[in-house]
Structures are given as C-alpha cells and as structure tokens.
C-alpha cells in the first residue's frame with residue numbers, strides 16, 4: 001500500500017504523520033520546532049524520515065508566503081530559517097531525492113475541507129481557522145485563490161477600526177501594535193480571554209477558553225459579555241466575506257470550532273447582521289470545519305497527490 005510522510009510545521013511544534021492511500025493515519029507524532037537554525041530544523045525532518053523511509057513522497061504544510069509550484073519560501077512565518085530557500089528541493093536532497101511538495105498551512109487546511117470536508121459539495125467557499133491568528137482560505141470555482149502577492153486569505157491583517165492608526169507610517173510600528181483595531185485582536189480565543197481578564201481581574205489566556213465557556217454556562221455575565229463581543233466581531237468579518245465572494249459555505253476551524261455553543265452563537269450573530277442590513281443581503285452559511293488537528297497534514301497530502309499526479313482531486 002502506498003504511503004506518504006506528511007509534516008505540518010508550526011512555530012511551536014512540527015507535527016508529522018504517515019498517511020496511506022486510504023487516507024488512514026498510520027503513525028503520528030510531534031517534536032519542538034527550531035525556528036531560527038536551518039541545520040537544526042533540517043535535522044528534525046531528516047530524523048523522522050530515517051524512521052519512515054518506506055514512503056512514496058513527502059508532503060509539507062508550512063507557514064508563510066510560498067510559491068507552491070516550486071516550493072520556494074518567500075517568507076516562513078514564525079519559522080524564520082526557511083525564508084528565501086527552495087524548501088521542496090532542500091528537503092528532497094535531505095530525503096534521498098523523494099518528491100516533496102510544500103503548501104501554506106492555512107491553505108492546506110482549506111484543501112482538506114474542499115476535497116472531503118465541509119466544502120466538498122461547494123463551488124465557492126471560505127475557511128477561517130481560528131487559532132492564534134485567523135488562517136483564511138478563499139475558494140472560487142473549486143480553486144484556492146492565492147492572489148498577486150500570495151496574500152489572499154490573510155484575514156489576520158484585516159483592519160476592523162482605524163481610530164488608533166497613525167496618519168503616517170512610523171518606524172518599527174506595524175498593524176499589530178494596534179491589535180485591538182484588527183479582527184484577529186477582537187475575535188479569537190485569546191481575545192475573549194483577554195477581554196474577560198481585563199473586566200474581571202482574573203488572569204486567563206487562550207488555553208483557558210473552554211473554561212470561559214463553562215463560566216458563561218454557569219451564569220457569569222462577564223464571561224458572556226466577552227464571548228458575545230468576540231462572536232459578534234467575527235460575525236461581522238464573515239458577513240463582509242459574504243459580501244465580497246458570496247460563498248456557499250464558510251467553514252470555521254481551529255480548536256474552538258469543536259464547541260457547539262460557539263458555533264450556534266456565531267450562526268445566530270451572522271443571521272442578525274444580515275437581517276439588520278436587509279435589502280436582500282444573504283445570510284452566511286456558517287458551518288464547523290470537519291477537520292481540526294489533522295487538517296493541515298491531510299490537506300498537504302491532498303495537495304501533494306494533485307501536484308504529483310497521483311490523484312486529481314480539484
């Protein structure tokens with residue numbers, strides 16, 4: 001049976017899996033990412049390959065702006081050491097010349113949803129992976145939109161409010177110095193917990209988000225206020241997406257999407273915005289993503305199959 005080694009490299013961990021032709025995960029694991037030393041980053045990949053040499057190829061999911069036709073990394077997101085190299089060629093040389101493909105992590109998750117997930121029956125769609133940032137994927141005519149600068153779907157950069165932005169650029173200052181003016185700073189689990197911390201004086205961060213929902217269910221009004229505000233902000237973003245690309249489905253991914261209360265609140269909030277706007281505006285069809293922790297790995301493999309001609313999937 002054919003099988004492939006798949007990597008999903010993030011700023012904290014590199015996750016890996018051996019996935020066979022039936023899309024079964026035979027082996028899974030993770031190790032800490034070395035973001036700043038290419039030699040050490042490469043050694044980690046090579047070590048896993050040495051343990052799983054009976055594979056047909058290597059599929060990689062990476063942060064950053066990637067020329068996917070070649071595997072060249074214009075940027076590497078938080079993995080700084082891969083910027084400016086052809087990662088596909090580099091990893092192939094490390095791994096006995098095996099074919100290697102590299103896809104952006106958010107778009108890998110979007111590919112998984114497009115091929116066999118929440119968007120499998122859609123012509124046009126979008127995926128919003130709610131994590132530290134918002135990993136967006138835009139799909140038109142069943143093709144992932146990448147844009148002139150490989151920037152399409154970078155929803156973390158969307159400006160929500162410009163009241164605090166300077167009138168002219170300032171040295172060393174970027175949008176994320178004004179995180180409260182962005183959608184990423186007002187929609188994510190970290191934003192919910194940060195808002196609750198500021199109101200209650202109880203310190204919370206993103207990993208405490210499940211507890212925040214428990215507090216809301218127990219009648220904590222501050223928890224309800226924080227969650228409701230961030231849900232409403234995300235609903236605004238989703239309605240704006242509906243106005244721009246009019247997708248059949250917007251799939252919400254990330255760990256928080258497993259919470260049915262969250263999804264229901266988000267669906268209700270988008271209905272409210274669309275009905276308030278009126279004038280025939282459609283209600284976004286918001287659904288939870290099918291894939292969560294394994295989305296990037298499976299999507300990277302789908303991309304690899306399509307690019308290498310093993311299977312034509314989209």
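Values quoted throughout were computed directly from the atomic coordinates according to the rules given, and no laboratory measurement underlies them. As the structure is a prediction and not an experimental result, all values here were calculated from the model. Here the Cβ is made from the backbone with ideal geometry for all residues, glycine too, and neighbour counts use every protein chain on show.
Things to note:
- Pairwise centroid distance, computed over Cα atoms, of segment 133-187 with segment 91-120, Å: 24
- The value of relative contact order for the chain, using C-alpha pairs under 8 Å at least six residues apart, is 18 percent.
- Segment 247-295 versus segment 193-231: alpha-carbon centroid distance in Å: 20
- Antiparallel beta bridges, as assigned by DSSP with both residues in segment 118-288, represent about 55 percent of the total such bridges.
- Working note: 222 nm ellipticity from helices only, DSSP H runs with n ≥ 4, each -39,500 (n - 2.57), summed and divided by the residues of the chain, gives -11500 deg cm²/dmol to the nearest 500.
- Nearest-ten-degree value, helix 38-51 long axis tilted from longest Cα axis of the chain: 70
- Percent of Cα-Cα distances greater than 27 Å, calculated over segment 118-288: 28
- Of all DSSP beta bridges in segment 39-110, antiparallel share, percent nearest 5: 40
- Taking label points 7 Å from Cα along the Cα-to-Cβ direction, residue 240 and residue 179 give a separation of 1.9 nm.
- Contour excess over end-to-end distance, with Cα ends at residue 268 and residue 1 and 0.36 nm allotted per residue: 91.6 nm
- Taking the fewest neighbouring Cβ atoms within 10 Å as the starting point, the ordered list for 292, 46 is 46, 292.
- Taking every DSSP bridge with both residues inside the chain, close to 60 percent are antiparallel.
- Range of Cα positions in the chain per principal axis (Å), largest first: 57, 44, 42
- Using R0 = 35 Å, the C-beta based FRET efficiency linking residue 310 and residue 259 works out to 0.45.
- Exposure proxy ranking, count of Cβ atoms within 10 Å, fewest first, for 179, 250: 179, 250
- Taking the fewest neighbouring Cβ atoms within 10 Å as the starting point, the ordered list for 151, 176 is 151, 176.
- Using a simple spin-label model with pseudo-atoms 7 Å out from Cα toward Cβ, residue 140 and residue 211 lie 4.5 nm apart.
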